[in-house]
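I have placed the structure first, in the form of structure tokens, so that the comments after it can refer back to it.
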Amino acid sequence: MTSMDDLDCELEKLRTVVSEYYDTVVNEPAIETVSKDILGQARIASLIALVRTITRLVQTDGLTFDKDYLRALSKDEIDKHIESLNAAIESNESGYVEINDKMRKSIEFLQDASSRQYLLPYFVRETHWISVSLLSASYISSLVLMRAYFELIIGIATRETGMMNDRILSLPELSMEEKKSLQLLWYRLCAWGHPYGKWFKEVCPIYLSHKPLYHSRLFNLCLKEFVHLVDFFSVVVINKYGLSLAVVRLELAKAKIDVGEFELLYPRLNA
């Protein structure tokens, strides 16, 4: 049998190997990125802070219901939902809750009418993972994650289904020029979602055969798309959850977050 001392020794060896692996593929390229592009690293930190600030505001001040969904309901639909909700409330107050058709309809309605704040932590988490990928020179990985990030934003912004172009065009808070710009962003991100094409044309196989290394052109290409995404996220979330532009402006100023490069958010905050 293996003694506890032997087990501890093996675990220590495993920790060393894992630590060396992380140093090679994450820590060392990240340190190199910071040393060679301190401004780029600062921009990433600012993007993380922006997403976290807006998410925090949603959790404290944001709407818990989907105002666009409720506005689209007819008077008859509203009356039916009020009736089923009243029945559910009365059933609950009686101390006996019967899961009947009206109760089920009430639950379904509450789910449909929800603003789905529970999705916001996903944005925070993926913002961190995109940032880690960028800093550690995993550029293709960061772009693949950005495509999913874009889809998540669209899922918050609209209940429209179907082709992505149609879903983008359904966003009422954006101008036609802004929608066309987002369509182009989507096309660019989709191109990175498939191997061969963009991967071979934009990322040299010789470069990839080495351990992760900072690459100025690829880093800035990815960072530019990341800025567009966080810009899009900010405008959608502010509109969707009814955040006050004055409050957002104040909180961003407190956090010393510069949004001057954001093509969507900046003009709205300074209108």
Q: Determine whether segment 179-192 contains at least one residue that is surrounded by 14 or more Cβ atoms within 10 Å (Cβ to Cβ), touching a Gly at 6+ places or on another chain (Cβ under 6 Å) and either under 25 Å from I54 (Cα atoms) or outside the structural domain of L57 (by TED's automatic domain parsing) (or both).
A: no
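Here is a yes/no grid of residues against (1) under 16 Å from the mean Cα position of the chain (by Cα); (2) at pLDDT 95 or above; (3) under 19 Å from R43 (Cα atoms):
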position	(1), (2), (3)
S142	yes, yes, yes
M146	yes, yes, yes
Y149	yes, yes, yes
I156	yes, no, no
M163	no, no, no
E177	no, yes, no
S181	no, yes, no
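Answer with yes or no whether V247 is crowded, with 19+ Cβ neighbours inside 10 Å and under 20 Å from F262 (Cα atoms).
So V247 does not fit the description; no.
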Q | Qualifying positions in segment 245-271 - of a type in the set (S, T, N, Q) and modelled with pLDDT of 95 or more | A | none
Q: Please work out which residue is nearest to H210 (Cα to Cα), limiting yourself to segment 17-44 and to residues that are among the hydrophobic types (A, V, I, L, M, F, W, C) and free of Cβ contacts under 8 Å to residues at least 60 places away in the same chain.
A: I31
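Would you mind listing the helices (runs of 4 or more DSSP H) fully within segment 180-271 where at least 2 residues are under 21 Å from V34 (Cα atoms)?
205-208, 216-240
With A113, A88 as the choices, which residue is surrounded by 14 or more Cβ atoms within 10 Å (Cβ to Cβ), modelled with pLDDT under 90 and either in contact with an Asp or Glu (Cβ under 7 Å, 6 or more places away or on another chain) or among the polar types (S, T, N, Q) (or both)? Working first, answer last.
Values: A88 fails: either in contact with an Asp or Glu (Cβ under 7 Å, 6 or more places away or on another chain) or among the polar types (S, T, N, Q) (or both).
Exactly one of A113, A88 is surrounded by 14 or more Cβ atoms within 10 Å (Cβ to Cβ), modelled with pLDDT under 90 and either in contact with an Asp or Glu (Cβ under 7 Å, 6 or more places away or on another chain) or among the polar types (S, T, N, Q) (or both), namely A113.
Any residue at all in segment 21-43 that's of a type in the set (F, W, Y), assigned to a helix (DSSP H, G or I) and modelled with pLDDT of 70 or more?
yes
The values are calculated or read from the model by the stated rules, or taken from the named source; none is laboratory data. On a predicted model such as this, the values are computed, not experimentally measured, just so you know. Note: ideal-geometry Cβ built from the backbone for every residue, glycine included; neighbour counts use all protein chains shown.
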